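FYI, it's all coordinate maths here, none of it is from the lab. The structure displayed is predicted, hence computed values, not measured ones. Please note: Cβ atoms are built from the backbone with ideal geometry, for glycine as well, and neighbour counts cover all protein chains shown.
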């Protein structure tokens with residue numbers, strides 16, 4: 001036996017169903033389960049905390065990647081300096097040849113002088129975000145709290161400015177200057193490489209934390225599409241049933257009125 005409901009009750013029922021449908025559609029369209037504090041006050045508080053966490057982690061990852069870019073720029077500059085030192089060493093070996101004249105050695109020394117100028121230009125012009133890296137003034141605090149500095153890579157600082165191959169004796173001693181300078185540059189490049197590897201490892205840890213925070217927030221705040229689709233289907237069925245019931249009740253009332261008339 002069908003229970004007759006008043007028109008106002010039916011209207012309220014349909015209104016509630018439509019509100020539920022609208023909310024389900026909002027959840028599906030936005031992809032968010034929590035659209036306001038009323039949806040889940042406790043869940044919203046946890047979600048906001050997690051969102052702050054993963055946003056901070058994302059920025060930290062970006063900052064650390066910037067540090068790696070700076071390291072790579074400095075290491076690239078030192079690599080160029082190392083190539084120029086290698087060329088100086090070759091020239092020093094050439095100048096030590098007893099068959100050369102003083103004029104020959106003077107020409108070789110001219111090239112060495114140009115290489116020293118290039119080393120100085122490299123030290124002054126290797127920059128990251130307008131900051132010179134290889135002139136001896138660079139120092140920064142890394143995000144992990146450690147201080148990182150880069151030594152002066154100019155010709156005087158690394159010792160190549162003292163190379164003089166205008167005599168055979170000078171050419172022989174120049175090898176020592178070149179080897180020492182090359183050792184200094186190589187040591188600095190190794191230090192930069194070690195720091196870069198350390199930052200890369202820290203980035204991996206930050207990325208793991210970021211992924212976990214995103215996943216945790218998703219479980220709380222994101223819409224379960226399958227569940228919402230089932231809910232939307234149920235609401236649609238309820239709406240159709242309510243409308244059909246309203247129509248049946250209305251038809252019954254009309255029949256009663258005809259009989260009374």
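Fewest-first ordering of 147, 167, 81 by other beta carbons within 10 Å of each residue's beta carbon gives 147, 167, 81. Can you work out the base-10 log of I(q)/I(0) for region 93-176 at q = 0.11, 0.19, 0.22 1/Å, using the Debye formula on its C-alpha atoms alone? With one equal scatterer per Cα and no solvent, log10 I(q)/I(0) is -0.43, -0.81, -0.95. According to the Cα-based calculation, Rg over Rh for region 43-219 is 1.24, with Rh computed by the Kirkwood formula.
Please identify which residues in region 135-160 have an amide N closer than 20 Å to a label point set 7 Å out from the Cα of residue 212, following the Cα→Cβ vector. Answer for this model: 144.
Just so you know, the Rg over Rh for region 42-137 is 1.42, from Cα atoms, with Rh as the Kirkwood radius.
Note on residue 140 and residue 117: their simple-model spin labels are 3.1 nm apart, each label 7 Å out from Cα toward Cβ.
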